[in-house]
Amino acid sequence: MKTNKTLRITSYVLLAFVLGLLLASQLYQHVSAQNPTPTDDEVNRIAHQLYCPVCENTPLDVCPTEACRQWRDLIRQQLSRGWTEDQIKQYFIDQYGVRVVGEPPASGLNWLIYVLPPLIILAGAFILFRAFRAWTKSSKAAAAAGSEVEAPKDEYVARLEEELKKRK
Amino acid sequence: MLAEIGYGILVVAFFVALYSVGAAIYGDRKKSAAIVESARRAMLLLWPLITLSAACLIYLLVTNHFEVSFVYEVTSRSMPTYLKVTAWWGGQAGSLVFWSWLMSAFASLVTLRTWTRDREFLPWVIVVTSITTAFFIGLAVFYENPFAFMWFDKSGQVIKAMFQPVGSIPVPPPADGNGLNPLLRHPGMIIHPPMLYLGFVSFVIPYAFALAALITGRTDDRWIRITRRWTLVAWLFLSAGLVLGSRWAYDVLGWGGFWGWDPVEIAALMPWLTGTAFLHSVMIQEKRGMLKHWNMILIILTYALVIFGTFLTRSGVLSSVHAFAQSAIGPAFFAFIGVTFITSIALVIYRWPELRGETEMKSMLSREALFLLNNLLFMSVLVVCFWGVIFPLISELVTGQKITVGPPFYLRATGPLFAGLMFLMGIAPLSAWGHSTITTLGRALWKSAAAALVITVVLFFTYTKNAIALTGFFLIAFVLLVTLVEFWRATLARMKTQNENFLLALWTLVGRNRRRYGGYVIHVSMMLMAIGILGINVFQIDTQKSLSQGESISIGDYTLRFNDLKQFPNMVNGQEERYVNRAEISLFENGKLLTTLYPRYDVYPDGQPMTLPGLYSTLKGDVYVILVNWESSSASLAPFKVFINPLVNWLWIGSILFIFGILIAAWPERETELVTARSRRAHQTSAAD
């Protein structure tokens, strides 16, 4: 009777041991899947590319608001889970919209931000070039007609050059 | 009672400004000098009136009259008196009175000049300056009254009004006020807004003369000659304002930089860009009688951008496009900008035929052509900045989606444009007015270009292999060499011909050609600033770590050891003004102790923090340490963020030289001005013959 009881206790202990081992191995697997705690610099490298939802144009890595502190903690957790930089950025865009990145993605209406300034600058350059050509053409024509007016020389420069020549 | 008096005087000032506008127009139409004089005197009355009103406001601020809403919002008992005075421009309502006060001072100054040779401008200068002053006084009188009291309305909500609204009861005077935002208590921020405002306000003067020229039809370059110094003064203040703002950001905002391409910063930069283009462009009109249309457009744009910049920062439109519609002053600003801009452009179109140039451009490499290219580049930077600020508002309005246009966009878009401007800064001083060829320019430039190339190669082998940095350093070296050689050659010539020693020759040279050499000093200072900008943008490194006492952190050649953290209240008049958290850090370079730094952050009673970095500054660069205020810190464990900002001090050195250069250029030089005008007139007469 006593032997049976001892046997039963021993089998319970063994079962508990085996279950404990299984649980420990599961926990070990879970922990070993995680990366070591990311450093502040690793978090900041990504946080620097994201922008505070509250403060205008303030990067996340230097923003003192509570919301940004929580976001940095979130980035740290995501890094420790092995997320890549792109995955983390995409997560924030999905959650909070494109305003979290410093440059809007070139899609839809946002194309205008990239296209319009160069177009305006090119148009300005074109107008200037046309004006130059018109000016030089008309002044050549005037010269051919013998009515060219000598441009006023920079008196100061002329005097300076003269004095330098004398010095030589 | 004093609040009512202050408000009453402001109302009187508003009507005096309107009278001045009406009388000036009527006097001009009736050709009555007496009525125009009456308008002028009314305008002269504005400054003393606004000064009286401002004195009332300052008294209320200094003596803790918290029953006045504005006083309650921007001051508190623990604030020192000088800060209570500066709170005048620290809050929106007070800043509008400040704007009006400065505007009336400048308008009075300009009308006190001798008008004998250009009497016809006077009424229209009065009209423009008085309309602008009336607009800002009107905003304070009707929308953002700094003298308004607080009342409980029927629903128990606190409302602001000058006189008791029906059914409301007065809010009992609060025991203490909210106090000025701690970030605005820094010396840089105390001087920065007045500087910017002075810059904004003084640009109104050349604009007023430009409109007077358009209205009267006297479209020669007289208006430019009268306002040249005003424009330089405006440029001086605006530049000083921008630099002080940058230094403030560097010292207080705790992010290791000085320029974040924030819309508020860009709002102040935009009139500076058009103003700089205008300063260059008016030289072409003075020397060659060209670009009259363009100069008008530039000064109109500058005025519009001055008002637009104030609108951006004051209307709330930047936080949300919808805040604009809700804000009281937003639509008023919008309407004012629209009306003044459209009227001004309509006048330019009306006078278009009379604004034709007197001569034409002959060479694409002449100095006037290169100045035009410089204008194109300044306008291109303006387009990028304007679009970058406006587009998020358009996006929010059209799609409902907010977007951020941040530093990466601006850096990429403006970088090549600034490089182009630097290149032009190198070649334009050596090109001739009227005509230049590649051969003449090449001959003048090749030695400086070759020396700059040698410097760049040396930097490649000794300092950096970064292509952007090397391009920047080449351009900087090129411009510096070209400019310094110009100084050198001219000084040598004087030494020889006048038998002067080097310093005397240089002094006389600059003294006799202040505009030219002042401009060159500005170019040199710009290049020094470019070294700092390049340094921080290309080579900045940073690291962050929480340190236990005695623990160290390394970055570059430096090691920083955390020694201690002290936390204590700072008491003023027996009250806690702020709670100070101050760390002590030992800074080592290659193992050798350099200095001890004390980064700190202060927390004010309302919970607002202010971060003050520990700085070790040399010409090589800054070690910039902040005690991170967004993480908890104690004497045993404290978080630090360390930046190495290479070469950044050249920015501040360049800024000081820059101000010095403007002062040289703006110093009166009457003789040369007359000679230039006379020589061009004589030339035109001979051409006509």
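Observations on the structure shown:
- Counting residues in the range B:605-614 that are touching a residue at least 24 places away in the same chain (Cβ under 8 Å), of a type in the set (D, E, K, R) and farther than 19 Å from A:Thr65 by Cα gives zero.
- Residue among B:Val628, B:Val642 that is of a type in the set (Val, Ile, Thr), within 30 Å of B:Asn178 (Cα to Cα), touching a Ser or Thr at 6+ places or on another chain (Cβ under 9 Å) and in contact (Cβ under 8 Å) with a residue 40 or more places away in the chain: B:Val628
- Members of the range B:57-81 that are surrounded by fewer than 22 Cβ atoms within 10 Å (Cβ to Cβ) and closer than 30 Å to B:Val110 by Cα: B:Ile58, B:Tyr59
- Yes/no for B:Pro353 being facing another protein chain (nearest Cβ under 10 Å) and either under 24 Å from B:Thr440 (Cα atoms) or out of contact with any Asp or Glu (no Cβ under 6 Å at 6 or more places or on another chain) (or both): no
- Number of residues in the range B:406-418 that are more than 8 Å from every other protein chain (Cβ to nearest Cβ) and out of contact with any helix residue (DSSP H, G or I) (no Cβ under 9 Å at 6 or more places or on another chain): the value is 2.
- Flag for B:Gly309 being assigned to a helix (DSSP H, G or I) and either modelled with pLDDT under 85 or not assigned by TED's automatic domain parsing to the domain that holds B:Val398 (or both): no
- Residue ID - nearest to the other protein chains (Cβ to nearest Cβ), chosen from residues in the range A:90-111 that are under 23 Å from B:Thr414 (Cβ atoms) and surrounded by fewer than 17 Cβ atoms within 10 Å (Cβ to Cβ): A:Leu109
- Remark: B:Leu109 matches the filter, which requires a residue to be closer than 25 Å to B:Ala213 by Cβ, at pLDDT below 95 and either surrounded by fewer than 19 Cβ atoms within 10 Å (Cβ to Cβ) or not assigned by TED's automatic domain parsing to the domain that holds B:Asn145 (or both).
- Residue in the range B:180-191 that is more than 21 Å from the chain's Cα centre (by Cα) and in a helix (DSSP H, G or I) present: yes
- Some residue of the range B:648-662 being at pLDDT 95 or above and either assigned to a strand (DSSP E or B) or charged (D, E, K, R) (or both): no
- Count of residues meeting criterion [of a type in the set (S, T, N, Q) and either modelled with pLDDT of 90 or more or in contact with a helix residue (DSSP H, G or I) (Cβ under 6 Å, 6 or more places away or on another chain) (or both)] in the range A:67-112: 6
- Of everything in the range B:236-265 that is in a helix (DSSP H, G or I), of a type outside the set (Asp, Glu) and within 10 Å of chain A (Cβ to nearest Cβ), the residue that is surrounded by the most Cβ atoms within 10 Å (Cβ to Cβ) is B:Pro263.
- Of the residues making up the range A:36-82, those that are not in a helix (DSSP H, G or I) and not basic (Lys, Arg) number 20.
- Residues satisfying the stated conditions in the range B:611-627, i.e. within 14 Å of chain A (Cβ to nearest Cβ) and either more than 15 Å from B:Gly257 (Cβ to Cβ) or of a type in the set (Gly, Ala, Ser) (or both): B:Leu612, B:Leu627
- Count of the range A:57-73 residues which are buried (at least 16 other Cβ atoms within 10 Å of the Cβ) and either more than 8 Å from every other protein chain (Cβ to nearest Cβ) or within 20 Å of B:Trp259 (Cα to Cα) (or both): 10
- Members of the range B:548-566 that are part of a strand (DSSP E or B) and touching a Lys or Arg at 6+ places or on another chain (Cβ under 8 Å): B:Ser552, B:Ile553, B:Leu565, B:Lys566
- The condition (being assigned by TED's automatic domain parsing to the domain that holds B:Leu441 and not β-branched (Val, Ile, Thr)) is satisfied by just one residue among B:Lys545, B:Lys465: B:Lys465.
- Residue within the range B:398-405 that is touching a strand residue (DSSP E or B) at 6+ places or on another chain (Cβ under 7 Å), under 30 Å from A:Val100 (Cβ atoms) and within 10 Å of chain A (Cβ to nearest Cβ) present: yes
- Any hit, the range B:624-639, residues being over 30 Å from B:Ser76 (Cα atoms), among the β-branched types (Val, Ile, Thr) and under 35 Å from the mean Cα position of the chain (by Cα): yes
- Of the candidates B:Val171, B:Val166, B:Val158, the single residue that is in contact (Cβ under 8 Å) with a residue 12 or more places away in the chain, out of contact with any helix residue (DSSP H, G or I) (no Cβ under 8 Å at 6 or more places or on another chain), assigned by TED's automatic domain parsing to the domain that holds B:Glu73 and surrounded by fewer than 16 Cβ atoms within 10 Å (Cβ to Cβ) is B:Val158.
- Within the range B:461-513, the set of residues being over 30 Å from the mean Cα position of the chain (by Cα), among the β-branched types (Val, Ile, Thr), assigned to a helix (DSSP H, G or I) and within 30 Å of B:Pro416 (Cα to Cα) comprises B:Thr462, B:Val485.
- Yes/no for B:Leu102 being modelled with pLDDT of 90 or more and in contact with an Asp or Glu (Cβ under 8 Å, 6 or more places away or on another chain): no
- Output for the range B:441-467, where each listed residue is among the aliphatic types (A, V, I, L, M) and at pLDDT 90 or above: B:Ala449, B:Ala450, B:Ala451, B:Ala452, B:Leu453, B:Val454, B:Ile455, B:Val457, B:Val458, B:Leu459, B:Ala467
- The range B:508-554, residues that are over 25 Å from B:Val479 (Cβ atoms), surrounded by fewer than 18 Cβ atoms within 10 Å (Cβ to Cβ) and within 13 Å of chain A (Cβ to nearest Cβ): B:Ile541, B:Ser546, B:Ser554
- Matching residues in the range B:419-437 - criterion: being more than 10 Å from every other protein chain (Cβ to nearest Cβ) and without any contact (Cβ under 8 Å) to a residue 60 or more places away in the chain: B:Ala419, B:Gly420, B:Leu421, B:Phe423, B:Leu424, B:Gly426, B:Ile427
- Filtering the range B:359-368 to residues that are among the aliphatic types (A, V, I, L, M) and touching a residue at least 12 places away in the same chain (Cβ under 8 Å) leaves B:Met361, B:Leu365.
- Any hit, the range B:496-503, residues being crowded, with 18+ Cβ neighbours inside 10 Å and farther than 27 Å from B:Leu236 by Cβ: no
The values are calculated or read from the model by the stated rules, or taken from the named source; none is laboratory data. Every value quoted in this text rests on a predicted model; they were computed, and no experiment measured them. For neighbour counting, all protein chains shown are included, and Cβ atoms are generated from backbone atoms with ideal geometry for every residue, glycine included.
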